[in-house]
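Just below is one structure, and these are the notes that go with it.
The values are calculated or read from the model by the stated rules, or taken from the named source; none is laboratory data. Nothing here was measured: the structure is a model prediction, and the numbers come from that model. Positions of Cβ are backbone-derived with ideal geometry, glycine not excepted, and every protein chain shown enters the neighbour counts.
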C-alpha cells in the first residue's frame, strides 16, 4: 500500500470499516511509514478522545412527556389532508389490491419455515416496541426488580441475569406476544443499541443449536437451553449479537 | 421512547441550543409517527435520525431566512481548510491528548466546527453509527462520509490546539 492510498483509507482504518486484507495491508504500511503513522495517531486520538470526553446530550426528562402529549393530535391531523387527495386513493386502492394479490401468491410459493416465521415475528415485535412507547414495561437495571415483576403475568419464571460487567447492562423487561403465547422479554443495552431477549418454555429439555435470521438491518438469534427457548433481536451487528449470546450462556453456566 | 436520547443528542449538537433541540425533536417524532407506514428499510434509529437531521436543517434554514444575521455555516473555515490542505495534523500529540481530556475545550471546539463536519463526527463517535448508516442519514455517498470524517478530525485537532492557546495554555 502506498502513502496516497493509506491516507485516503486512514479514517476507515480508525473506524474499523476496512476489510481484513486492507486492514492488514494498512497495518504493515503504518509499521514502516513514520508520516502515515503520525497521521494515524492523531486521528485515533480524536476518535478515542471524543468517545471518552465529548458530551452526549441525553434528552431532558420532560421531553418524553412533552412529545407523548403532542402525539394524538398529530395523528388526527395526518388523516385530514386525505379529503383533498381522494382521486389518488383510487389508484392507491388498485395498487394495494394488486400488491396484496402478488404478495399472497409469493407467500403461497414461499411459505417460510418455522424459524423464519419466529424471526419475523420477533423482529416485528421489537420494531413495534421501539416505534410505539412500550419497549420497556418495567425499567430497572436491578434483576431483583425485573424478575418478580413477571410474577403472576406469565406462568413461568425467566432467569434474569445482570451482564453489566460484560458490557450488556440490563435496562428492563416487558411482556410481549410471540409464538401464540405471552412471553417475557428482557431488554439489555449494548452501547446505544437495545437488545430484546425473548424467553419462554420450550416444552422439552433438549438443547438446540443457534439459528439466525436477518431482516431490514435487524438480526435475530434463537436457541434452546435447559427447557427454555431464547430469542435475541437487535440492530446490533451479528458478531456483537452472538457475543451477547455467548456471554449469556457463560453466565447461565455459572 | 428508546431513541429519544439519540434524537435529542443529534438535534442539540446540530442546533447548538437546548430549546431549539427540544422543538426539533418533537417535530421529528411527530413526522416519524405520521410516516411510519412508509417506512421500509434499515434500523429504526438511523431512520429516526435521518428525520431529525432533515427537520434540523429545515428549521435552521427557516430561521436563517427570517433572521438573516444567523449564518448556517461559519465563514471562518475557508482559512482553516486551506491550512488543512497544505499541511495536516501537526499538533503536538501530548498537548492534543491533554486538551482532549478537557470536556469543555473539546465540546467548544466541536460546537464551532462547520455543521457538515460536526454532523459526521457526532454520528460516528457519539452515536457509534457505521459509515453506511451515516451515509443514509446525511444523504451522501460512503466515500464522502470517509473524507469528511478525515477532515473533521484534522480540523478538530487544529482547533483544539488553537483553543488552548487562546486560553493561555501555550503549546
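In the range A:30-67, of all residues being surrounded by 19 or more Cβ atoms within 10 Å (Cβ to Cβ) and more than 7 Å from chain B (Cβ to nearest Cβ), the one that is nearest to the chain's Cα centre (by Cα) corresponds to A:40. Got at least one residue in the range B:139-162 being away from chain A (no Cβ under 14 Å), modelled with pLDDT under 95 and more than 21 Å from residue A:12 (Cα to Cα)? Yes, the conditions are met somewhere in the range B:139-162. For the range A:198-222, taking the residues that are crowded, with 19+ Cβ neighbours inside 10 Å and over 10 Å from the mean Cα position of the chain (by Cα), the one that is farthest from residue A:163 (Cα to Cα) is identified as A:213.
Counting only residues that are buried (at least 20 other Cβ atoms within 10 Å of the Cβ), over 22 Å from residue A:193 (Cα atoms) and at the interface with another protein chain (Cβ under 7 Å from one of its Cβ atoms), the range B:99-138 holds 3 of them. Residues in the range B:22-60 that are facing chain A (nearest Cβ under 7 Å) and modelled with pLDDT of 90 or more were compared, and the one that is surrounded by the most Cβ atoms within 10 Å (Cβ to Cβ) is B:25. Summed over the range A:204-240, the residues that are more than 24 Å from residue B:128 (Cα to Cα) and without any contact (Cβ under 8 Å) to a residue 24 or more places away in the chain give a count of 8. A count restricted to the range B:1-29 and to residues that are assigned to a loop (DSSP other than H, G, I, E, B), in contact (Cβ under 8 Å) with a residue 24 or more places away in the chain and more than 15 Å from residue B:47 (Cα to Cα) stands at 1.
Looking at (1) surrounded by 15 or more Cβ atoms within 10 Å (Cβ to Cβ); (2) at pLDDT 85 or above, can you tell me which one residue A:74 breaks? Status for residue A:74: all satisfied but (2). Summed over the range A:218-254, the residues that are in contact with a helix residue (DSSP H, G or I) (Cβ under 8 Å, 6 or more places away or on another chain) and closer than 20 Å to residue A:115 by Cα give a count of 15. Set side by side, the residues B:110, B:171, B:123 differ, and just one is at pLDDT below 85 and outside the structural domain of residue B:47 (by TED's automatic domain parsing), which is B:171. Filtering the range A:26-46 for residues that are over 24 Å from residue B:93 (Cβ atoms), in a helix (DSSP H, G or I) and modelled with pLDDT of 90 or more leaves an empty set. If you check residue A:231 against the conditions, is it outside any helix (DSSP H, G or I), more than 21 Å from residue A:183 (Cα to Cα) and within 13 Å of the chain's Cα centre (by Cα)? The answer is no for residue A:231.
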